[in-house]
Amino acid sequence: MAFITANWNPLGEAFYRKTELYEMCWNLRDGLRDCLVAAAPYGGPIALLREPVRRSPSSRPQLEIYSASGVAIASFPWKSGPVVQLGWTVSDELLCIQEDGSVLIYDLFGSFKRHFSMGQEVMQSQVLEAKVFHSPYGTGVAIVTASSRFTLATNIDDLKLRRLPEVPGNTWSAGEVCRGILMSNGPELYILDTTSCTAVVPPGLGPQAGSIVHMSVSFSYKYLALFTDTGHMWTGSSHLQDKMSEVDTKKTTPPKQMVWCRRPKSQQPSVVLMWDRLLMVAGVSHDTIQFPLEDPCVLIGELDGVRIISSANQELLQEVPLVCQEIFKIASMAPGALLLEAHREYQKSSQKADEYLREIKEQSMLGEAVRQCVEAAGHEYDSNTQKSLLRAASFGKCFLTDFSPEAFVSTCRELRVLNAVRERGVGLPLTHTQLVYRQFYPLAIEVCRYLKIPDYQGVSRVLKHWASCKVQQKDLSDEAIARAVCVKVGDSPGVSYSHIAAKAYECGRPELAIKLLDFEARSGEQVPLLLKMKRSQLALSKAVESGDTDLVYTVVTYLKSEMNRGDFFMTLRNQPVALSLYRQFCKLQEQETLKDLYNQDDDHQELANYYVTASYREKRLESRLSLLQTAVDEYNKAKNEFSAKATEEEMRLLRFQRKLDDEKGAGLLGLSLQATMEALLALGLHKQAEQLYRDFRVPDKRFWWLKLKSLAEKEEWEELEKFSKSKKSPIGYLAFVEVCMKSNNKPEAKKYVSKVTPEQRVKAHLAVGDLEGAADAAIERKSDSELAAVLARCPASDRQLLDRLNRAAAAAAKK
Amino acid sequence: MAAHLSYGRVNLNILREAARKELREFLDKCAGSKAIVWDEYLTGPFGLIAQYSLLKEHEVEKMFTLKSGRLPSADVKNIIFFVRPRLELMDIIAENVFSEDKMHSPRDFHILFVPRRSMLCEQRLKEQGVLASFINIDEYILDLIPYDGDLLSMEYESAFRECYLENDQTSLYHTAKGLMTLQALYGTIPQIYGKGECARHVANMMLRMKREFAGSQNQILPVFDTLLLLDRNVDLLTPLATQLTYEGLIDEIYGITNGYVKLPPEKFAQKKQGEASKDLPTEPKKLQLNSAEELYAEIRDKNFNAVGAALSKKAKIISAAFEERHNAKTVGEIKQFVSQLPHMQAARSSLANHTSIAELIKDITSTVCFWGHLGVCASLVSASEAFFDNLTVEQEFMTGVDTDKVNTYIEDCVAQKDPLIKILRLVSMQSVCNNGLKQKVLDYYKREILQTYGYEHILTLNNLEKAGLLKLQSSSRNNYPTIRKTLKLWMEDANEQNPNDISYVYSGYAPLSVRLTQVLARPGWRSIEEVLKMLPGPHFEERQQLPAGLHKKRQQGENRTTLVFFLGGVSYAEIAALRFLSQMEDSGMEYIIATTKLLNGTTWIKSLMDRPESQSS
């Protein structure tokens, strides 16, 4: 235990350690010399292409895929063109980028999946360099051609090629993918994106530092390191706003590789540089750590360190986590260190155990001590170290009453799994997904269950992946596969049968796909595949079932383009929901089709409405009338007598308006009946107004109001009086009073007060401002509400009136 | 910034924060400077989620309104379209993109669909040949927007029309999705009740969605105990009636949109001494209305007749607080006084604002001089008389007086050419209160409307009939009186000042929708089976299984929480009534309200009109 710090190297405040992970199982004759190597992060697989540059056209390089521990997974001769770069996608697929810009995709087991091209123009001027990178969008590819043109694809699963603008001087010396492409040309640094090439200056890096010949972005894309030909290494944030450090490596040749080495909550990020025979860790401080190298190596940046792969072994270089430092640092007095010591003494049955424990407890740091031991165990690779730390934690826990065991339990569980998968045979994949992709299904399911991962995230995903492989087995019948899948998968939550079915369809097994789709609970999910398989009717009913109207629209537009009109309409007819949605669509986009739809359904009411709407779009009166006539016919067919009649009336009015417009230039067309009469009265065309009143059977009341207002407006008071006497007013006479008052003609108003019915007389008197009259009327009627209304208007100065009213009010109240 | 969202029983700020987070993530995906091109309809709702400052922090430098033609020039790297998934908008976007290509400096295009991505729209962009120009096409799932501490709205304007006229259930799909989002944040809602066809459809979709995601068990302790889904067409009456709460009246008269009201500026002129009042402001005064304002929270849900007293009480408290300065003797006391000043000044300006609003409303509504003590005198103006007459007729209808014959007041209003919407509201109300009108009466009204306002309104009338607002009496029996009596929809002695029943919000009428909610809580719907059968659509109850361990252990006296979702819209008076129920000591229930749209009778009828632009006002 004392020598646990033996492989620690101080650098500034922190320590770095290099731990051996594996002696590699592989047996490489020529080591890693002249090889293209790519290893996937998170302990992923390693791909190796020997002699990518062919010596003769007949020689075939070998492409090999190994697990991280060097167990061979696949190997085959490379028959395609010269490869510039290998890389892994986020889902462990191998990308082989060729000189001519085409990218070939293989799965983990070396079987070809598909290919795509980085653009036509690349064909002529070959790919010089390429890079595979990971971003929130997925896996991307960036290339640069011999003529210094960059092309970028941010997500290879949704391929959109973006050819970047030309770079100044058409030359460059180093590049990296970060916020577009970061590229240097001599001492200058540029950011190249789809629209422009912008010069940027890293803060604190003077021109005397020399030309930038190498650069590297950290795993999280937050930090950037630049290496210049004078041997200076600049580090800073990737948005180029802060500088972290500048180190003189005293090396003038550019490193073969430069990789960031940091961990989440890192104390001081640093960079690992590799030359032919030297590995150097350089960070914020001016010190460096140097390791000699015997064999050619490859560096793989990880989330929490750097993996170093050589032909013989594999090591992990990382910053020693703070908690491990505290426990294992020589002469450390951290609670965790004391607890570890206490447990060691306890095992020796020494009373010193008690002394140590007491010391921790006096500082009430026991909880912290346990927590430290548990956490440190999680960071250690050696299972003996893990065990002693966990035992110490367990020992410390005994003296705590209400300490949550959760962290302890889950760390134990996780460590067991991690140790299991680190076994050479499996080879370090860290997460269950990676297990799944390597087709260790039973182990993966066990891991999921053991780690208590919720089914939909764990077991279900394993099952889905298994089923997707299963449907590709050509030697089994559709029946057998469907049954096997159904038995195993059952209705495990979160398993997408449509995903499995899509796989089956991809392998040319549509029948199997249909069988599998039947098991899918999510109707929406089934639709795209059903459409692809030309089962459009089924797709439509599934879309309707899902309730997602956008999906229904999608199927409907598809059907429309696929079917002849008659069949299309018939199909819609059987799906009312789809039909109404299509109607909505037509209302906005295809008015004519709308008509056909209504026709097909014999929906006369809607047809009539359609013609009415259409009539308003017409400028010429004749076409307008003819459309309205059609509307009348349809309303009649719909047995909507009222609407038919009203529309006929409308036509009659239009004709009348037209006639008068022609004769008198009255400008009536388009006015409502009421407005027409109003206009006629205003023009003094009383006869014509009366004619409309009779012809259209306008209620007396409305006509009286109209005439009353019109006469008052024109101040034809005599006419008004005559009108009031023409017959008994259907609207009473209060209206006369009020309308006159509105025209500020009190004397005229007063004329009508006496004609007002007793119920409204108070109001009438008040309207003309005759308080006395109002009071008399109210007193006579003995109505308390009316008395109150008068009282409210009565000025306090008129004592006499007030008294009278109050007396009457009191009397009314008594009654 | 949005603290008022977190005061309530349910912290709706969680929802807002989730929405903000998603917005930030999207903006950061488009690296570099950006300009947003807005579908104008979205700016209001977005304002409730994020202010300009948030956008600015994420390098949004310019904002434009989406319109056809060429995009305004802006020196930015990214152009982002924030749009609803509508075909007509796609055509405009395509036009924008096309005219852009001719210019020399290309910019990156992105689309953010709100609230959901649409294949139909993407297809349209493809047909137009611009789909490939977009670097990012994403969706921003913004279904339910928090409007207040207890209020969520989708602000989906056409929801009622689409559901009941056009048989288009898009809004219901969004509702179901929104409720799933809500459950993801606040836990599975164990009990679902509902009444109406749309409610049934939404519940079905929710249950299906839950099945589809079976296994992804929600481990959040449920915040809501019950969800009640109510179709608007179960209660067509309530929104037709004029709301009589303070907030309801502000909405009826001036209209509240996205939490803001625009008011005539005259009453808000700054009266500074020595300054001539020559330059009266001409721009409408824009005020934000929510419970972040202490005084507003206090009075918004009161019957308007009780607002005066509340304001004058508040005025006394505030002036007393200012008087305190004379008592402040020691330095410490003065310091304390000064520290309270900002709060007091805010309270004073809030009081001034609401006094002005109340005066404005009073000019229109009041016939009684209850306002005198504030130094304002009521006068008998015709606006107030009209308001009063209108109210009288509404109340007659609601109490079932003469609902079967042509109403003279409506006739007079038509003759006077009052606004068409007012007429439609009244006629619809009469029809609803009479369970349909006799052929003769209905035809008479319809003719009056067509002859006076124009024959084009035949389409609108047809729509109202289709939506059930206008109806031909089919059976001879009018069941409205039974419903009214069983549910106690009319309370003779409604107490406006110190209410003891929800009927105070309409000065006598208790909103049917809220009564249904109240009865559901106690004694349960079983007691009103008969009435439920008379109302349209099925009523139902569903249960959603909770994972073991998430069953609430209720404290003694702890209230239950119900989410009431109004499909097709809800009025402010209904919200007030539900808030009143939440506050009642013995109700044992707290309500959170959600809806497709905040509405009043006018905006509602407007959404059902065709060619409303030719309508006379």
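Each value in this text was obtained by applying a stated rule to the coordinates, not by laboratory testing. Quantities reported herein were computed from a predicted structural model and do not represent experimental measurements. Note that we place each Cβ from the backbone using ideal geometry, even for glycine, and neighbour counts take in every protein chain shown.
Look at the alpha carbon pairs under 8 Å that are at least 6 residues apart: their mean separation over the length of segment B:467-617 gives a relative contact order of 19 percent. Under a cut-off of 22 Å between alpha-carbon atoms, report the lysines in cross-link reach of B:Lys126, not counting same-chain residues fewer than 8 places apart. Hits, sequence-local ones excluded: A:Lys160, A:Lys532, A:Lys534, A:Lys560, A:Lys587, B:Lys67, B:Lys102.
Shielding value for A:670-679 is 4, the average number of Cβ atoms from other chains within 10 Å of each residue's Cβ.
So what's the back-of-envelope 222 nm ellipticity for chain B, counting only DSSP H runs of four-plus at -39500 (n - 2.57) apiece and dividing by all residues, rounded to 500?
-14000 deg cm²/dmol
Cut-off 20 Å, label point 7 angstrom out along Cα-to-Cβ of B:Lys533: give me the residues of segment B:454-489 whose amide nitrogen falls inside. The answer is B:474-488. Using only side-chain charges placed at the Cβ, +1 for Lys and Arg and -1 for Asp and Glu, the dipole size of chain A relative to its Cα centre rounds to 2060 debye.
Of the residues A:Trp275, A:Gln347, A:Ala369, the one whose Cα sits farthest towards the positive end of the charge dipole of segment A:271-375 is A:Gln347 (charges of +1 on Lys and Arg Cβ, -1 on Asp and Glu Cβ, taken about the Cα centre).
Taking Cα centre as origin and charging only the Cβ of basic (Lys, Arg, +1) and acidic (Asp, Glu, -1) residues, the dipole magnitude of segment A:269-406 rounds to 400 debye. Distance from the alpha carbon centroid of segment B:331-364 to that of segment A:776-811 works out to 41 angstrom.
For the pair segment A:338-354 / segment A:41-114, the C-alpha centres are spaced 54 Å from each other. Listed peptides A:60-70, B:169-179, A:709-719, A:33-43 appear in the order B:169-179, A:60-70, A:33-43, A:709-719 once ranked by packing, highest mean of other Cβ atoms within 10 Å at the front. Between A:Arg163 and A:Ser220, the C-beta separation translates, for a Förster distance of 41 Å, into a calculated FRET efficiency of about 0.90.
When every alpha-carbon pair in segment B:452-559 is counted, what percent end up more than 16 Å apart?
Tail of P(r) above 16 Å: 74 percent of Cα pairs.
Other protein chain C-beta atoms within 10 Å of residue C-beta, averaged over B:408-415: 4. Roughly what percent of Cα-Cα pairs across segment B:478-617 reach past 28 Å? Within segment B:478-617, distances greater than 28 Å cover 29 percent of Cα pairs.
What's the angle, to the nearest 10 degrees (0 to 90), between helix A:352-362's Cα axis and the longest principal axis of chain A? The helix A:352-362 is inclined about 30 degrees to chain A.
Backbone N atoms of segment A:370-385 closer than 16 Å to the 7 Å Cα→Cβ label point of A:Lys265 belong to residues A:370-380. If you take the charge dipole of chain B about its Cα centre, with +1 on Lys and Arg Cβ and -1 on Asp and Glu Cβ, which of B:Asn495, B:Tyr509, B:Ser33 is farthest toward its positive end? Value computed over the given set: B:Ser33.
In this structure, the amide hydrogen of A:Leu21, modeled 1.01 Å from its nitrogen in the peptide plane, lies closer than 5 angstrom to those of A:Gln314, A:Glu315, A:Leu316, counting only residues at least 5 positions away or on a different chain.
In order along segment A:296-305, phi translates into HN-Hα couplings of x, 10, 10, 9, 10, x, 10, 4, 10, x Hz, rounded to whole numbers, per the Karplus curve 6.51 cos²θ - 1.76 cosθ + 1.60 with θ = phi - 60° and x for Gly and Pro. For the set A:Lys725/A:Lys755; B:Lys362/B:Lys597; A:Lys701/B:Lys440; B:Lys262/B:Lys362; B:Lys302/B:Lys362, the pairs lying more than 22 angstrom apart at their alpha carbons are B:Lys362/B:Lys597. For the Cα trace of the protein assembly as shown, dividing Rg by the Kirkwood Rh returns an Rg/Rh value of 1.04.
Segment A:603-677 and segment A:562-592 have their alpha-carbon centroids 29 Å apart.
If you sort the three axes of the alpha carbon gyration tensor as a ≥ b ≥ c, you get a/c under 1.5 for chain B, which makes it rounded. For segment B:31-128, the Kirkwood hydrodynamic radius from C-alpha pairs, put into Stokes-Einstein at 20 °C and a viscosity of 1.002 mPa s, yields a diffusion coefficient of 155 µm² per second. Take each residue in A:544-555, count the other chain C-beta atoms within 10 Å of its C-beta, and the mean is 6.
Treating r as the C-beta distance of A:Ile4 and B:Arg9 and R0 as 56 Å, the FRET efficiency rounds to 0.55. Report, in listed order, any pair from A:Lys18/A:Lys387; A:Lys763/B:Lys417; A:Lys639/B:Lys438 with a Cα-Cα distance greater than 26 Å. Listed pairs above 26 Å: none.
Taking amide H as placed 1.01 Å from N in the peptide plane, the amide H of A:Leu128 sits under 5 Å from that of A:Val144, A:Thr145, A:Ala146, each at least 5 places away or on another chain.
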